[in-house]
Amino acid sequence: MLNSPRLANLAASLLYAAALALIVYAGSRVLVQSTAFSLRTVVIGGELRHVTRGEIVAALQGRVTGTIFTVDLEAVRALFESVPWVRRAEIRRGWPDRLEVRIEEHVALARWGERSGRLVNTHGEPFSGRVEGPLPVFSGPAGSEGDVARRYAAFRELLAPLALEPGQVALNSRFAWQLRLSNGLTVQLGRDSDKDRVEERLAKFVSVYPQTLGNSARRPDYVDLRYPNGFALRAPDAPKSEPEKPMRKRV
């Protein structure tokens with residue numbers, strides 16, 4: 001029955017709950033939109049060597065609006081990551097009116113191409129930036145930056161016993177590898193095959209280098225490791241038209 005005391009009490013409770021919800025909603029709207037919580041400060045942390053204050057100000061100017069409650073953190077993160085040399089930005093709210101940002105910069109590992117103006121970081125990711133001083137030079141098909149960076153690390157480790165560095169690492173469109181070492185020697189590694197990988201060929205070459213090229217008075221400028229039981233050499237003063245002959249040194 002509509003005049004039942006129990007139903008009347010239930011209806012009153014529902015009305016009170018609805019009124020309370022409206023009050024809480026209205027209060028929260030006022031709180032969220034209050035100018036007392038408008039963003040006023042951006043605190044930046046992280047070890048910064050390349051990112052400048054001017055670049056950050058230019059990226060954020062007039063684009064970060066709202067309050068600590070309404071700011072779009074993903075949009076702010078994207079703004080920071082659009083700044084040159086910023087690899088990643090972590091954003092969080094700081095009470096009552098600030099954003100706290102931690103920036104991770106790219107760490108340059110190599111240049112991508114001789115004249116492209118692009119760099120590759122230590123994660124094998126390409127980015128735009130300028131850096132002074134020598135860096136290895138990588139090249140390869142589009143999208144191969146990560147693979148070239150991983151192979152560079154493997155080649156560098158293999159060459160360490162000879163105190164040599166891979167100054168250039170090139171991957172061509174047929175997925176064949178070529179190195180230019182810090183002593184000027186060009187090493188043709190070829191492609192991975194079912195029988196062996198290019199790292200295995202380089203490891204064999206490194207193992208015989210001290211007894212062969214390391215003691216040679218006539219230093220070659222080119223070595224081809226694509227032979228199954230040896231390698232071919234070319235000396236700097238050898239005629240270019242002269243065919244390369246494999247050295248039958250078993251490796």
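The values are calculated or read from the model by the stated rules, or taken from the named source; none is laboratory data. None of the values given here were measured: they were computed from a predicted structure. With ideal geometry, Cβ positions are generated from the backbone for all residues, glycine too; neighbour counts draw on all protein chains shown. Just so you know, the surface numbers come from the protein's heavy atoms only, side chains and all, with ligands and any DNA or RNA stripped out. Shrake-Rupley method; radii C 1.70, N 1.55, O 1.52, S 1.80 Å.
Is it the case that the stretch 189-203 has a residue that's part of a helix (DSSP H, G or I), within 25 Å of the chain's Cα centre (by Cα) and not charged (D, E, K, R)? Checked the stretch 189-203: at least one residue is part of a helix (DSSP H, G or I), within 25 Å of the chain's Cα centre (by Cα) and not charged (D, E, K, R).
Of all residues in the stretch 136-148, at least one satisfies being aromatic (Phe, Trp, Tyr) and on the phi < 0 side of the Ramachandran plot. When Ser82, Ser13 are screened for being open to solvent by 50 Å² or more (accessible area, probe 1.4 Å), within 21 Å of Arg130 (Cβ to Cβ) and at pLDDT below 95, only Ser82 passes. Within the stretch 105-127, the only residue that satisfies the criterion of being over 18 Å from Arg151 (Cβ atoms), loosely packed, with under 15 Cβ neighbours inside 10 Å and either modelled with pLDDT of 95 or more or among the β-branched types (Val, Ile, Thr) (or both) is Val107. Pairs are defined by a Cβ separation below 9 Å, a sequence spacing of at least 6 or placement on different chains, a first member in the stretch 184-206 that is without any contact (Cβ under 8 Å) to a residue 60 or more places away in the chain and under 19 Å from Arg234 (Cβ atoms), and a second member that is acidic (Asp, Glu) and assigned to a helix (DSSP H, G or I); the pairs so defined are Leu189/Glu199. The set of residues in the stretch 207-230 being open to solvent by less than 20 Å² (accessible area, probe 1.4 Å), over 17 Å from Gly184 (Cβ atoms), in contact with a Pro (Cβ under 9 Å, 6 or more places away or on another chain) and at pLDDT 85 or above is empty. The set of residues from the stretch 166-188 being more than 26 Å from the chain's Cα centre (by Cα) and in a strand (DSSP E or B) comprises Thr186, Val187, Gln188. The listed residues are Arg93, Arg156, Arg151, and the only one of them that is open to solvent by 30 Å² or more (accessible area, probe 1.4 Å) and either in contact with a helix residue (DSSP H, G or I) (Cβ under 8 Å, 6 or more places away or on another chain) or more than 24 Å from Leu179 (Cα to Cα) (or both) turns out to be Arg93.
Per-residue answers, yes or no, for (1) crowded, with 17+ Cβ neighbours inside 10 Å; (2) closer than 22 Å to Gly230 by Cα; (3) modelled with pLDDT under 95:
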| position | (1), (2), (3) |
| --- | --- |
| Gly140 | yes, no, no |
| Ala160 | no, yes, no |
| Asn172 | no, no, no |
| Leu179 | yes, yes, no |
| Gly184 | no, yes, yes |
| Val187 | yes, yes, no |
| Gly190 | yes, yes, no |
